[in-house]
Amino acid sequence: MTTIVPASTSQALAAALADEGVGSLTVPTYDRFADGETLAAVPEFEDSEAIIVASTATNDAHIELLQLQDAVREAGATDITTVIPYLGYARQDKAFKRGQPISVRATARAISTGTDRVFLVEPHEPAVADFFTVPTEPIDAAAGLAEPLSDLQDPLFVAPDEGAIELATTTRDAYGEGAVDYFEKDRDYETGEIELTPSDAPVDGRDVVVVDDIIATGGTMSGAIEVLNSRGAGDVYAVCVHPVLAEAARTKLAAAGVERVIGTDSLERAVSDVSVAPAIAARLGK
Ligand code: R5P
């Protein structure tokens, strides 16, 4: 048998993986000392195979993953798989100025030291897998994004930038009907301001599903929703794999007039209505 080891960030998803038959759950402890340091630990377990499930959305979550990997090896596991439903720092995959790190490379190297293989759910760029020094593969999870959608009027699936066209197309294909379109996006990296240029596709009265891999600050998604609503769209849905929803992102989406926000349980948020567990289980061969 295989033991599933959930990080504190991925408890519901780990339970869903157990329901999918991936293995049996162990219950770690997650402690914090007065100086802010964390201590994650696992009880003794019999199995030699461990699957750690850990989204790394925060610096603490990164440290917790490294601790769980070390603890699991210490507890006797000889085969460790690390599943990362949301890989933090994945968008820091280049040094934009001299002196800057490639942050995701630094974290990938550290994670690689404690595992035999890694699976990344919809990483921002599949090429980040190359930064790991153990076998690392992406898992496609976009097909489930259409599950909560129904009764859309003349639907249009929109990618807020060219990088999300494939996700929008996969979501359309899973829904079963509708057109796909995309915006041109320019981001000023000094000011953080985003400029979105829509295509000429008519949206008047149509329900529009905006699909992106991540909603972080909500700037990209709320900008797209505002443009679509100003052009007379019907209901506008914001759909993403990773609902980071930092700071006031959820409020920005509401203020822009979103009908509904849909994300997955790669991050456990109020909008995590779609589970990536079936896609992970299929990939793990369970
Ligand atoms: C960018 O390439 C990504 O696909 C997302 O559009 C972006 O990371 C979302 O960030 P934010 O919510 O901060 O605009």
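All of the numbers you see were taken from the coordinates with simple rules; none came from a lab. Quick caveat, the model's predicted, so the values are computed rather than measured. Backbone-built Cβ (ideal geometry, glycine too); neighbour counts: all protein chains shown.
Things worth noting here:
- Between region 33-56 and region 254-273, the alpha-carbon center distance in angstrom: 28
- Working value for the chain: equivalent-ellipsoid semi-axes of 35, 21, 16 Å, each the square root of 5 times a Cα gyration tensor eigenvalue, largest first.
- Karplus 3J(HN,Hα) series, Hz, for region 276-285 with 6.51 cos²θ - 1.76 cosθ + 1.60 (x for Gly, Pro): 8, 4, x, 5, 5, 4, 4, 6, 7, x
- Across region 28-167, the relative contact order, built from alpha-carbon pairs under 8 Å that are at least six residues apart, equals 17 percent.
- When both bridge partners sit in the chain, DSSP labels roughly 20% of those beta bridges antiparallel.
- Residue with peak Gaussian network fluctuation, the chain [Cα springs, cutoff 10 Å], from THR136, THR58, THR82: THR58
- Net charge dipole, the chain: roughly 540 debye, given to the nearest 20, about the Cα centre with Cβ charges of +1 for Lys and Arg and -1 for Asp and Glu.
- 5 angstrom amide H check on PHE183, placed H, neighbours 5+ away: ALA159, ASP161
- Part-to-part distance (alpha-carbon centres) for region 89-116 and region 145-205, which is given in Å: 29
- Over the chain, relative contact order from alpha-carbon pairs under 8 Å, at least 6 apart, %: 15
- Couplings 3J(HN,Hα) of region 144-149, computed from phi: x, 5, 7, 3, x, 8 Hz, in residue order, whole Hz [Karplus 6.51 cos²θ - 1.76 cosθ + 1.60, θ = phi - 60°; x for Gly and Pro].
- The chain: calculated mean residue ellipticity at 222 nm from DSSP helix runs of at least 4, using -39500 (n - 2.57): -7500 deg cm²/dmol
- Sites listed here are trypsin sites (Lys or Arg not before Pro) in region 229-275 whose DSSP assignment is loop and whose Cβ has at most 15 other Cβ atoms within 10 Å: ARG231.
- Distances between placed amide hydrogens fall under 5 Å for ILE262 paired with ALA238, VAL239, CYS240, all partners being 5 or more residues away or on another chain.
- Where GluC sites (Glu not before Pro) in DSSP loops with at most 11 other Cβ within 10 Å are excluded, longest remaining stretch of the chain: 47-176
- Over 19 Å [Cα-Cα, region 183-239], rounded percent: 26
- Dimensionless Rg over Rh [region 1-80; C-alpha; Kirkwood]: 0.96
- Values of log10 I(q)/I(0), in the order q = 0.14, 0.19 Å⁻¹, for region 143-265 under a Debye, Cα-only, solvent-free model: -0.50, -0.97
- Amide H within-cut-off set for ILE215, under 5 Å, with H built and near neighbours excluded: HIS242, VAL244, LEU245
- Taking chymotrypsin sites (Phe, Trp or Tyr not before Pro) in DSSP loop conformation with at most 10 other Cβ atoms inside 10 Å as exposed sites, the chain has its longest uninterrupted site-free stretch at 190-286.
- Whole-Hz Karplus values for region 14-20 come out as 4, 5, 5, 5, 4, 4, 7 Hz, taken residue by residue from phi with 6.51 cos²θ - 1.76 cosθ + 1.60 and θ = phi - 60°; glycine and proline positions read x.
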